[in-house]
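Derivation of every value follows stated rules applied to the coordinates shown; laboratory data play no part. In this text the structure is predicted, and so the values were computed from the model without any measurement. Don't worry about glycine lacking a Cβ; one is built from the backbone with ideal geometry, like all the others, and counts go over all protein chains shown.
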Amino acid sequence: MQFKKILKTLLAITGAMIFFLLAFPTRVQAMHIMEGMLPPSWCINWYVISAPFFIYGLYRLQKIIQSSQKNAKVMLALCGAFVFVLSSLKLPSVTGSCSHPTGVGLGTVMFGPGVMSVIGVIVLLFQALLLAHGGLTTLGANEFSMTIIGPIVGFLVYKLCRRFKVNRSVSIFLCAMLADWSTYITTAFQLAIVFPDPHAGVMAALIKFLGIFAITQIPLAIAEGLLTVIVYNLVISNDLWKETALQ
Amino acid sequence: MNKRTKTNIILLVIVLLLIIFPFVFVHGEYGGSDDQGTEQIKKFAPHYKVWAHPIWEPPSGEIESLLFTVQGSLGTGIIAYVIGNAHGRKKALKELEHPSQKTSASAKK
């Protein structure tokens, strides 16, 4: 039964995806914002905006580590590992270019949106320092899109789905998928504000950047949603975690 | 095989199809460099000067793929350990609680 629902959702999304593909065909690599690609004032701006979320994340992390919840620390490690794996996979997409999933959905479902801002920074730092992927100056901006907006969107979607009694697997799928997708939509916004189209303005630039980031990401977001459901199912069926924990 | 395992396998197959699909039907360049993402910016703002550069870059594509693999396998290792450990513990607990069912349970599989 749950599988049928997932299939239906998938079909609907595939339809939307094909529409978008036909509407804006582009072939550009979609990634985090690279080092030095934002002017200094914007780098500082995103750092300042992200900082309170990061501090809240630390507070949440401390709460979870101190809580008596069974397996809480192990599950934190698992969520971090999941982000590590997914963000290391550069996957091909229907636009003929590659991008990678974010993996923040799993931790969001288990711990709420706060914790991911801390776990996410570790992964972003790893990639910025060792892989020249993303960057230290743009860390604040990437942090904002991947570990703040993504998890918040995912968390709201998950809560809303559960409120309306949507099946758990479908809720998790939607949470992870939309967390992933909204990350790249945010990236498109971040770039469009700074680099508007010289002739047509911010909106035209936004459409262009959305074409680059959001479209490539659609099939990857679906894949990420499904992978998150698989791992979460394994966690639940092996008695590692209860859905009601910490919620 | 229980129902959950079956669902997981089906989901995994869909993931594989999603990833393989572009290779079969779309002839793109797949990859190239990360600089492609910044090309659009250069079009909009040709005079923008990139003011910071990565402190360290992997010296070659091989080293970069090594580091990406390390990142991925570290994570996979942790996930596999945690889930494998829990799976074994659950199984052992079941057998402790119902020692008589041990033979019938293993016969079923």
Candidates A:Ile148, A:Ile185, A:Ile55: whichever shows maximal mean-square fluctuation once chain A is modelled as a Gaussian network with Cα springs under 10 Å: A:Ile55
Choice from A:Ile65, A:Ile212, A:Ile172 with maximal GNM fluctuation in chain A (Cα, 10 Å cutoff): A:Ile65
Cross-link partners of A:Lys208 among aspartates and glutamates (Cα-Cα below 16 Å; sequence separation of 8 or more within a chain): A:Asp197, B:Glu39
Share of alpha-carbon pairs per 10 Å distance bin for the range A:35-237, given as whole %: 9, 35, 38, 15, 3, 0
Net charge contributed by nearby residues that have their C-beta within less than 15 Å of A:Gln66 (K/R +1, D/E -1): +4
Listed pairs B:Lys3/B:Lys94; A:Lys63/B:Lys91; A:Lys63/A:Lys159 exceeding 29 Å between Cα atoms: A:Lys63/B:Lys91
nm² value of the averaged projected area, convex hull over the Cα atoms of the protein assembly as shown: 19.5
Span-rule helices in chain A, defined as complete DSSP H runs reaching 27 Å or more along the axis (Cα) with Kyte mean at least -1.0: A:2-23, A:40-66, A:168-194, A:201-237
Distant-in-sequence amide H partners of A:Leu91 (H built 1.01 Å from N, under 5 Å): A:Ser99, A:His100
Per-pair calculated FRET efficiency, R0 = 30 Å: B:His98 and B:Lys6 via Cβ, rounded to 0.05: 0.75
Sorted by Cβ density within 10 Å, fewest first, the residues B:Arg4, A:Arg168: B:Arg4, A:Arg168
Ranked list, fewest to most other Cβ atoms within 10 Å of each Cβ, for A:Asp239, A:Asp180: A:Asp239, A:Asp180
Peptide A:89-95, shielding by other chains (average Cβ, 10 Å cutoff): 6
